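> Below is the structure I would like to discuss, written out as structure tokens.
The values are calculated or read from the model by the stated rules, or taken from the named source; none is laboratory data. Since this is a predicted model, take the numbers as computed values, not measurements. Because the Cβ atoms are built from the backbone with ideal geometry, glycine has one as well, and the counts that use them run over all protein chains shown. Remember, those area values only see protein heavy atoms, side chains included, never the ligands or the DNA or RNA. Shrake-Rupley method; radii C 1.70, N 1.55, O 1.52, S 1.80 Å.
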Amino acid sequence: ASGNWIPDNTHLQRHVNSAIAFNIWNHYVASDDKLFLSYFGAEMFLSIASFWASKATFNKERGRYEIHGVVGPDEYHTSYPDSKEQGLKNNAYTNIMAAWVFQKALEILELIEKSRKRELLRVLATDDAELALWQDISKKMYVPFIIDGIINQFEGYELLREFPWQDYREKYGDIQRLDRILEKEGESTNNYKASKQADVLMLFYLFTREELKYILENLGYEFRDGMINNNIEYYSERTTHGSTLSRLVFSWIQSKYDKAKSWENFEALILSDFEDIQGGTTPEGIHLGAMAGSLDLIQRNFAGLSVCDDALWINPRVPDSMKKISMRINYKKHWIYVSVDHEKIKISFEEGWSNEVNIGVCNEVYKFKMGEVREFSLIPQS
């Protein structure tokens, strides 16, 4: 818009490390591949935990650990107003994900064989003092809050100016790429409570309510009723969706609270490349992450698939605009066919390494035998 290149400080998005750890853990849970976890996953996971330990510093006044000099998922905030230093203090998403990494790293060390544990700790030069540090950080990571359970996107975010949304929509129409508009005007998104994409809300996309409650309470923070919905409302009003991935996250979390908005964001997500909704980005290449995300949204949200230790859970929330969702999935080396619509769920255990598999349907676990087909009604009984 201005003829200038906007500086790229996304190399400070250290949270990508936690995303790798998150995928390692979820691959293990879905596949039950202990060999992978022991000989590949654990080494990567523990290395990432070691990295976070090197980034964390202890604040004696707060009695908590902090992480400085990072950029969160929201790329519109890369430094503080009028500061020459790049990076932010205590991005909430980054800190909470790092705390989760420490919690899971210690759990993984108890899951793998003792001989492999000893070998890994030796190879990674991780001693008892380092493990004690991980344990301490996992319980004392700092998370900034604004008020009433609203998680602060990063320390100091609450001091930024509110953005005049209506004025800019009237002036420019489409303001998804607010960074380009403000740069042309000699301004910066760093000055405002205006986000390119989901940041804090990524936590509600990755974790269930129960998982996030456990993480925060383990850190000594209260998880209040209505906290998720309050954060959704607060950040929905301050997000431009300058990234198509933002639509994925918003569609996911809104599906429980605002179905119309959820479907609106889903449609924008799947049409993003076809209609080049950002005006010129599609010729540079398709957004494979957004495409994969739309499939994930259908599988884990609309069809309601959830991989847990005790069972494969299916609790569908099929949108009114969808007639039916069908898929064949591999869960812990078992092939399972699932079909859901607005009235019923059909499940077929086709084949697997064992003759039985546990599948949870609407709050109850059932034991399926190989070759067994069952249907479950979704129509409330009168």
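> Apply 1/(1 + (r/R0)^6) to the Cβ-Cβ distance of R209 and V123, taking R0 = 45 Å, and write down the FRET efficiency to the nearest 0.05.
0.75
> Contour minus end-to-end for D82 and E356, with contour as 0.36 nm per residue of separation and end-to-end as the Cα-Cα distance?
Answer, rounded to one decimal: 92.5 nm.
> For the chain, how big is Rg over Rh, using alpha carbon atoms and the Kirkwood form of Rh?
0.98
> According to a simple spin-label model (label point 7 Å from Cα along Cα-to-Cβ), what is the distance in nm between E107 and D296?
1.8 nm
> Please give the FRET efficiency for K60 paired with E233, using the beta carbon to beta carbon distance and R0 = 41 Å, rounded to the nearest 0.05.
So the FRET efficiency works out to roughly 0.70.
> Let me ask something else. Quote the relative contact order of the chain in percent (integer), defining contacts as alpha-carbon pairs under 8 Å separated by 6+ residues.
The normalised contact order for the chain reaches 12 percent.
> When ligands, DNA and RNA are left out and all protein chains stay put, how many square angstrom of accessible area per residue does the chain have with a 1.4 Å probe?
50 Å²
> Continuing with the same structure: Kindly flag which residue pairs out of K140/K213; K34/K114; K213/K324; K346/K367; K55/K89 have an alpha-carbon separation exceeding 23 Å in this structure.
Distance filter (> 23 Å) returns K213/K324.
> Additional query: Name the long-range amide H neighbours of L305: under 5 Å, sequence gap of 5 or more, or other chain; modelled H, no Pro or chain starts.
Those qualifying (amide H under 5 Å, at least 5 residues apart or on another chain) are R300, N315.
> Arrange the peptides 100-107, 129-136, 162-169, 147-154 so that the one whose residues have, on average, the most other Cβ atoms within 10 Å appears first.
100-107, 147-154, 129-136, 162-169
> Per 0.36 nm of contour for each residue apart, how much would the distance between K259 and E130 grow if the chain were fully extended, relative to their Cα-Cα spacing?
Residue separation times 0.36 nm, minus the Cα-Cα distance, leaves 41.8 nm.
> May I pose another question? Please calculate the 1.4 Å probe accessible area of K369, with all protein chains present, and give it to the nearest 10 Å².
Its accessible surface works out to 110 Å², give or take rounding.
> Just to verify a number: FRET efficiency for N26 and Q381, C-beta to C-beta distance, R0 = 51 Å, to 0.05?
E(calc), rounded to 0.05, equals 0.90.
> Further question: Counting only complete DSSP H runs, which helices of the chain cover 27 Å or more along their long axis at the Cα atoms and score a mean Kyte-Doolittle of -1.0 or above?
Qualifying helices: 92-111.
> Now for a different question. Could you please report the charge total around S83, scoring K, R as +1 and D, E as -1 over all other residues with beta-carbon less than 14 angstrom from its beta-carbon?
-1
> When the accessible area of segment 239-382 is computed with all protein chains present and a 1.4 Å probe, what percentage of it is carbon and sulfur?
52 percent
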